[in-house]
Amino acid sequence: MKINRRLANRIMTRALSQSDQCLVGIINSDESLLCSDNAPQINQLLQNNPQAVLIYNQSANASSIRQDILLHDGQQCIEIFQDIEGVFGLRAYQQCGKIQTPVILELNDE
């Protein structure tokens, strides 16, 4: 999966500003970021924008919402993570059947 470096920075900045809060949303093909705190709205956004990429952080609320989001085969997702050692970053996945498979996330400067 390829993502513009400016967009990755925007996502990570937003995640840092909401570090203890739920962050779930989509990235449209025009690189606009639409966030919501409820699964039905995210499902509607994904249905209206099938090429959109789902983004989410690791908060408890985001995990709860994420369980109610219907992902189609091939759906791309980006997880905003922070591990116990303080490493902060993005992980990319693609939905393959009922399993999220890790994929390489490439940053580009276009």
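Quick notes
- Cβ crowding within 10 Å ranks Lys98, Lys2 as Lys98, Lys2, fewest other Cβ atoms first.
- Each of Ser36, Ser19 was scored by other Cβ atoms within 10 Å of its Cβ. Listed from fewest to most, they are Ser19, Ser36.
- For the chain, averaging the sequence separation of C-alpha pairs within contact (under 8 Å, six or more residues apart) and dividing by the residue count gives a relative contact order of 28 percent.
- Whole-Hz Karplus values for the range 48-65 come out as 6, 10, x, 8, 5, 9, 6, 10, 7, 9, 9, 5, 4, 5, 5, 5, 5, 5 Hz, taken residue by residue from phi with 6.51 cos²θ - 1.76 cosθ + 1.60 and θ = phi - 60°; glycine and proline positions read x.
- Extension gain for Leu107-Asp37 works out to 22.5 nm (0.36 nm per residue, less the C-alpha to C-alpha distance).
- DSSP beta bridges confined to the chain are antiparallel in about 75 percent of cases.
None of the figures in this text is laboratory data; all of them are computed from the coordinates on show. All of these numbers come straight from a predicted model, not from anything done at the bench. For neighbour counting, all protein chains shown are included, and Cβ atoms are generated from backbone atoms with ideal geometry for every residue, glycine included.
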